[in-house]
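Enquirer: The structure under discussion is supplied below as structure tokens; questions concerning it will follow.
Computed from the coordinates by the stated procedures, all read-outs in this text should not be read as laboratory data. On a predicted model such as this, the values are computed, not experimentally measured, just so you know. Cβ: placed from backbone, ideal geometry, glycine included. Neighbour counts: every protein chain shown.
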Amino acid sequence: MPRFIAPALPARRVIALSVFCLTTAVSATFSMAFSTPALAQSAILEGERFHPQVGEHAMVATSHYLASQIAHDVLEGGGNAVDAAVTAGFALAVTQPRSGNIGGGGFMLISDEKSDKVIAIDYREKAPAAAYETMFQNEQGEAVSELSRYTHNASGVPGTVAGLALALDKYGTLTLPQALAPAIKLADEGFVIPPRFAEGLDEAQDRLKQWDSTRKVFYKPDGSLYRAGERFRQPDLAATLKRIADKGPREFYEGKTAELIATEMKNHGGLMTAKDLAGYQPTIREPVHGTYRGYDIYAMSPPSSGGAHIVQMLNILEGYDIHAMGFNSARTIHVMSEAMKRAYADRAEYLGDTDFVDVPLKGITSKAYAEELRAQIDLDHATPSKEIAAGHPLPYESNETTHFSIADDSGLAVSNTYTINFSYGSGIVVDGAGFLLNNEMDDFSAKPGTPNAYGLIGGEANKVEPEKRMLSSMTPTIVKKDGKNFLVTGSPGGSRIITTTLQVVMNVIDHGMNIQSAVSAPRIHDQWLPDEIRIEDGISPDTIALLEAMGHKVSQQEAMGAAQSILIEDDGTFTGGADPRRSTSSAMGL
Ligand code: DON
């Protein structure tokens, strides 16, 4: 029986209308428009339209049904959530090569209820030792995006194999060969191609076919496309995974796979060397911790900006009665957008790899700073982005991505987001090794002040430096309630990751949605620059008109994120929400 039954909407509508003092003109539009979307939204709020999967012992939610099935099988066979997560991570590298990977990197949060600990495994890619600040600029000092996105120098040293192996070693019960076995089988025997897989390779073919090594793997010998329903095999990838299973994770960094990567680099003028690979190590970090309406929020710390800014935005939004203001009402979207703008302005100024730069993390995530920022928000008018600069948190204290969530009844929960950056990363397959390399170097600021592929501005803190980790937005998040795992979430989506994750948290905590409704509901996004609220389909024209009357520019674009999520009810029931924005998404309970 779901606990999250939202109170009747009419009562909320009355509160919402009485709380705000609008100008007469806006007020008239507001009250007129408000009744229509409220009725439409009730089906989402009451969970009448979207229904989660349910499990007694465990839940998995991934972006591919084959990976979900494999993770489910691990749990059914007595493995724990970390075993299932690592096995799913390797399986996704086979079934979803546009984002699942061994040639990229990511972040994994693991919550262990028994020891009351949440740890963060940072397996983000690192810049090669020969990287330098101006490597993606031309002679005139202008940033050249082609260089940071589609060349061998676009790749950071991959972290996925070392990161997943570390998680397994620390918390798992399976051996690495056991965790790799399903992926090896899928790569070797192949799988039936789903429509999304075929469509992706069709759309990206101009870019991918430029490289012989990539064409050989993803297209038929005559260059034609694989069609949905056909079987797709990856023998080179199977051999690579088998070598890692036989020789251990360091094989990727010091064995034949490392040699293949180093040769690929040498043949194409890439900076990454065998020494860079041999030197790569993942790191265990403290996640960022904050609170929201009594819940404990744990999310990824730098080199991701995700944890800092989800906590910062939640701190700002905690000062409003979001529940009373209503789900996706103009007023709620307005304050969310204002909080988002201020957080992304700070991101541009302060965030970078804490192994290289000081980040005022305590200041950014403090309630006092949130209060200061909230005081700047005018409830009736948008603040133009040009009037927002990075704030002044307390000084520095001394000193196509894919997300999956897995939780079990031993008290373990795993929230993992990993990526090769764009769909298919750099588009370059390591010849003979069968996997795509990331283009994560584009997440550095090629030139401070110049936007990256997601329009994100970065500053000095995120400039290219040797062996530095590039700033990320990935936000694997675990919310605890009274010391127990409660919500496990996160998302792909570049700059939209932090705001997507924020909205799943708010949809559950503020709006009382069940987890399937919380991930399915229409989302919004504001990243300070460009100065606009980006919305998905499903926000009413009346709401848009109200936002425009407040001075917001509103732009409707394609769907954002894919937040495969889990909510654990008070009675221990696991509920899972697969994000419908990915046609292959799947949640499975046990
Ligand atoms: O680390 C980051 O923030 C980006 N490289 C993530 C890219 C991404 O989410 C692409 N997927 N949709």
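Enquirer: Just to check, using Stokes-Einstein with a Kirkwood Rh over alpha carbon pairs, what's the diffusion coefficient of the range 290-351 at 20 °C and 1.002 mPa s in µm²/s?
Expert: Reported coefficient: 174 µm²/s.
Enquirer: Continuing with the same structure: With label points built 7 Å along Cα→Cβ from the Cα atoms of K114 and D537, find their separation and express it in nm.
Expert: Simple spin-label model gives 4.7 nm for this pair.
Enquirer: Semi-axes, largest first, in whole Å: what does sqrt of 5 times each Cα gyration tensor eigenvalue give for the range 294-420?
Expert: For the range 294-420, the semi-axes come out at 25, 21, 14 Å.
Enquirer: Tell me the Kirkwood radius of the range 348-476: reciprocal of the mean inverse pair distance over distinct alpha-carbon atoms, in Å.
Expert: Averaging 1/r across every pair of different Cα atoms and inverting gives 17.7 Å.
Enquirer: Taking amide H positions as placed in the peptide plane 1.01 Å from N, state which residues far from K468 in sequence (5 or more) or on other chains have amide H under 5 Å from it.
Expert: Here A127 satisfy the definition.
Enquirer: Quote the convex hull volume per residue of the range 184-239, based on C-alpha atoms, as a whole number of Å³.
Expert: Values: hull volume 4.1 nm³, N = 56.
Here the figure is 73 Å³ per residue.
Enquirer: Another question, then. Please enumerate, by chain and number, the lysines with C-alpha under 29 Å from the C-alpha of K480, excluding those fewer than 8 residues away in the same chain.
Expert: Straight-line reach from K480, under 29 Å: K114, K117, K170, K341, K362, K367.
Enquirer: Choose one of V82, T365, G100: the residue whose Cα lies farthest towards the positive end of the charge dipole of the chain (beta-carbon charges +1 Lys, Arg; -1 Asp, Glu; about the Cα centre).
Expert: It is G100, whose Cα lies furthest towards the positive end.
Enquirer: Determine the relative contact order of the range 127-189: mean sequence separation of Cα pairs under 8 Å and six or more apart, normalised by residue count, in whole percent. Before the final figure, lay out the partial values.
Expert: On the way: 21 pairs, mean separation 12.8, N = 63.
Worked out over the range 127-189, it gives 20 percent.
Enquirer: Just in the range 483-590: which GluC sites (Glu not before Pro) are loop by DSSP and have at most 15 other Cβ atoms within 10 Å?
Expert: When the GluC sites (Glu not before Pro) of the range 483-590 are filtered for loop state and at most 15 Cβ neighbours within 10 Å, E558 remain.
Enquirer: Now a separate question. Considering the Cα positions of the range 156-312, please state its Rg to one decimal place and its Dmax as a whole number of Å.
Expert: In order Rg, Dmax, the Cα atoms of the range 156-312 give 19.4, 60 Å.
Enquirer: Please give me the summed charge of the neighbours of G483: other residues whose Cβ is under 10 Å from its Cβ, Lys and Arg +1, Asp and Glu -1. Intermediate values should be presented prior to the final figure.
Expert: Working: positive: K480, K481, K484; negative: E113, D116, D296, D482.
Cβ neighbours under 10 Å give a net charge of -1.
Enquirer: Under the rule of -39500 (n - 2.57) per DSSP H run of 4 or more residues, summed and divided by the residues of the chain, what mean residue ellipticity at 222 nm is obtained, to the nearest 500 deg cm²/dmol?
Expert: Calculated from helices alone, the mean residue ellipticity at 222 nm is -11000 deg cm²/dmol.
Enquirer: Using Cα positions and a limit of under 19 Å, work out the aspartates and glutamates in reach of K242, with same-chain residues fewer than 8 apart set aside.
Expert: Straight-distance partners of K242: D83, D169, D188, E189, E251, E254, E259, D431.
Enquirer: Separate question: Averaging over all projection directions, find the projected area of the Cα convex hull of the chain and quote it in nm² with one decimal place.
Expert: Over all viewing directions, the chain projects a mean Cα-hull area of 24.6 nm².
Enquirer: What nm distance separates the two modelled labels at K247 and H268, each placed 7 Å from Cα along Cα→Cβ?
Expert: Spacing of the two 7 Å Cα→Cβ label points: 2.2 nm.
Enquirer: In the neighborhood of E251, defined by Cβ-to-Cβ distances under 12 Å, what is the net charge if each Lys or Arg adds +1 and each Asp or Glu adds -1?
Expert: +2
Enquirer: Looking at the range 240-371, what % of the alpha carbon pairs are farther apart than 26 Å?
Expert: More than 26 Å apart: 47 percent of the Cα pairs in the range 240-371.
Enquirer: In terms of modelled amide H atoms, which long-range or inter-chain residues lie less than 5 Å from the amide H of I533?
Expert: K553, V554, S555
Enquirer: Full extension from E56 to K367: what is 0.36 nm times the residue separation minus their Cα-Cα distance, to one decimal in nm?
Expert: The E56-K367 span can extend by a further 108.3 nm.
Enquirer: Compute the Cα gyration tensor for the range 224-290, then decide on rounded, prolate or oblate, letting a ≥ b ≥ c be the square roots of its eigenvalues: rounded whenever a/c is under 1.5, prolate when a/b is larger than b/c in the other cases, and oblate in all that remain.
Expert: Cα axes put the range 224-290 in the oblate bin.
Enquirer: Let me have the relative contact order for the range 151-298, percent, based on Cα pairs under 8 Å that are six or more residues apart.
Expert: Relative contact order for the range 151-298 comes out at 30 percent.
Enquirer: Another question about this same structure. Check each of the chymotrypsin sites (Phe, Trp or Tyr not before Pro) in the range 76-147 and keep only those in coil by DSSP with at most 10 other C-beta atoms within 10 angstrom; list them in order.
Expert: Of the chymotrypsin sites (Phe, Trp or Tyr not before Pro), not one in the loops of the range 76-147 has a Cβ with at most 10 other Cβ atoms within 10 Å.
Enquirer: Quick one: work out Rg over Rh on the C-alpha atoms of the range 490-590, Rh as Kirkwood radius.
Expert: On the way: Rg = 14.7 Å, Rh = 14.5 Å.
Using only Cα positions, Rg/Rh for the range 490-590 is 1.02.
Enquirer: From Cα pairs below 8 angstrom and at least 6 apart in sequence, can you work out the relative contact order of the range 519-590, rounded to a whole percent?
Expert: It comes to 26 percent, rounded to a whole number.
Enquirer: Moving on to the next point. Which of the three applies to the range 408-492, rounded, prolate or oblate, going by the alpha-carbon gyration tensor with a ≥ b ≥ c and a/c under 1.5 meaning rounded?
Expert: Verdict is oblate for the range 408-492.
Enquirer: Count charges around G561 for me, please; just the other residues with Cβ under 10 Å from its Cβ, Lys/Arg as +1, Asp/Glu as -1. Could the numbers behind the result be given before it?
Expert: Working: positive: R496, R523, R581, R582; negative: E536, D579.
Here the charged neighbours net out to +2.
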